[in-house]
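Here's the structure, in structure tokens; my notes come after.
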Amino acid sequence: MKILAIESSCDEFSISIIKDGTILTNIISSQIEQHVKFGGVVPELAARLHLENISWVIKSALESSNTKIEEIDHVAYTEKPGLIGSLIIGKLVAETIASYIDKPLMPLHHIEGHIYGASIENDFVYPVLAMVVSGGHTQIEIVNSPNGFEVIGATLDDAIGECYDKVARVMGLGYPGGPKIDKLAQKGNKEAFIFPISKNDDSYDFSYSGLKTAVINIIHNLTQKGEEIPVADIAASFQYAATKIVEKKLEKAIIQFKPKTLTVAGGVSANSEIRNIIISLGKKYNITNTFVPKMEYCTDNAAMIAKLAYEKLKSSN
Ligand code: KG4
Ligand code: ZN
């Protein structure tokens, strides 16, 4: 069984083909370079660039996987959430291919796809406890099956990746700021600044706007005084506050839900500290199925959508 999957929810247009659970190809056209000068993703530009990339991405996905379009059995695509212009393009491409080959369509959820990015190379044993950390989401989910997702907590304001990007912008690091802060943090002292650890309570919810404001205020104060900005120390202290709360909430969820798999998903799962936290919590609580996705499956890609589609079909047979 071959599934063709399309992911186009933000600034990547990607097509993957999966055969019986094995990813044959995962072509990603990334637009990061074109959005850098605006300091973030411009929705109108993202949709227009997707239009330019559709043809070559389809062609190279089929060629690199040695697949004829007629061999596809299902067409999956990201239905939501995401930028509306970008999503519509993915949906139209999926509908066109599906109607041309007369095969069923599968509209899928972007975040559920991110979670299954970690199962591309490792099989999930249920229940799965998944920490979702991306540019648009910060939430903890319990996954009982490929059709059973329960959100137990989420951010009340900014997402963690959004917070990294906004802090990085004020630090003059450019877009996307997450990887840049992560790199700088390796050289800094995490105790140099004490930043607030928000929503440090018994809930599974998060809040990142207070941390963002606290970091930005420090930078503005130092700038006003004409002092040099200790970027590495700020990055390390910020990263500590942003990730410590993830560790705390996940530990509580592990104790309450006793998962058989622990995993992390979304763009910020590329973060070194987040990866350390997941791996050490897995060791501490003896969760042998503790998976961090391969770097190429952390940020937006169609392979994760393809794997989700495959697992859904497998579970319904
Ligand atoms: O999942 P994703 O590709 O797009 C959304 O669906 O949001 O995530 C992108 C986010 C950006 O905010 C980016 O700064 C962040 O992931 N990111 C990181 C790292 N690598 C990517 N944040 C912190 N540390 C990283 N190493
Ligand atoms: Zn994403």
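Where a number appears in this text, it was derived from the coordinates with a stated rule and is not lab data. Treat the numbers as computed from the prediction; the structure is a model and nothing was measured. A quick note on method: Cβ atoms are made from the backbone with ideal geometry, for glycine too, and the neighbour counts reach across all protein chains shown.
Overall size of the chain from C-alpha positions, given as principal axis extents largest first: 65, 45, 29 Å. Ranking 181, 128, 195 by Cα position along the charge dipole of region 128-293, where only Lys, Arg, Asp and Glu carry charges on their C-beta atoms, puts 128 farthest toward the positive end. Taking only DSSP H segments of four or more residues, each worth -39500 (n - 2.57), what value at 222 nm results for the chain once the sum is divided by all its residues, to the nearest 500 deg cm²/dmol? It comes out at -14500 deg cm²/dmol, rounded to the nearest 500. For region 170-259, applying the loop criterion from DSSP together with a ceiling of 14 other beta carbons within 10 Å to the trypsin sites (Lys or Arg not before Pro) yields 187, 225.
Taking only alpha carbon atoms, region 202-311 gives an Rg to Rh ratio of 1.07, where Rh is the Kirkwood radius.
Taking Cα atoms only, the orientation of helix 43-64 departs from the longest principal axis of the chain by about 50 degrees.
Could you tell me which of the pairs 19/103; 37/225; 212/244; 190/244; 2/68; 19/307 are separated by over 19 angstrom between their Cα atoms in the structure shown? Check vs 19 Å cut-off fails for 37/225.
List the aspartates and glutamates whose alpha-carbon lies under 15 Å from that of residue 187, not counting same-chain residues fewer than 8 positions away? Filter leaves 233, 273.
Put a plus charge on the Cβ of each Lys and Arg, a minus charge on the Cβ of each Asp and Glu, and nothing anywhere else: the dipole of region 128-293 about its Cα centre is then about 400 debye. Label sites at residue 213 and residue 126, each approximated as a point 7 angstrom past Cα along Cα to Cβ, lie 4.2 nm apart. Distance from the alpha carbon centroid of region 204-254 to that of region 118-185 works out to 16 angstrom.
Please work out the Cα center distance from region 1-27 to region 277-297, rounded to the nearest Å. Rounded to whole Å, the Cα centres lie 24 Å apart. Of the GluC sites (Glu not before Pro) in region 176-270, the ones in a loop by DSSP (not H, G, I, E or B) with at most 13 other beta carbons within 10 Å are 191, 227, 228. Taking the DSSP bridge list for the chain and keeping only pairs wholly inside it, about 60 percent are antiparallel. Computed from Cα atoms, the angle from the helix 209-224 axis to the main principal axis of the chain rounds to 50 degrees. Could you state the angle between the C-alpha long axis of helix 84-101 and the longest principal axis of the C-alpha atoms of the chain, as a value from 0 to 90 degrees rounded to the nearest 10? The angle comes out near 20 degrees.
Segment residue 229..residue 68, full-extension length gain: 52.4 nm, with 0.36 nm per residue of separation and the alpha-carbon distance subtracted. Of 92, 213, 107, which is farthest towards the positive pole of the chain's charge dipole, taken about the Cα centre with +1 and -1 on the beta-carbons of Lys, Arg and Asp, Glu respectively? About the Cα centre, the residue reaching furthest to the positive side is 213. Calculated on the Cα set of region 143-269, radius of gyration then Dmax: 16.0, 55 Å. Restriction of the GluC sites (Glu not before Pro) in region 72-133 to DSSP coil positions whose beta-carbon has at most 12 other beta-carbons within 10 angstrom yields 121.
With a cut-off of 10 Å between beta carbons, the residues surrounding residue 274 carry a summed charge of -2, where Lys and Arg count +1 and Asp and Glu -1.
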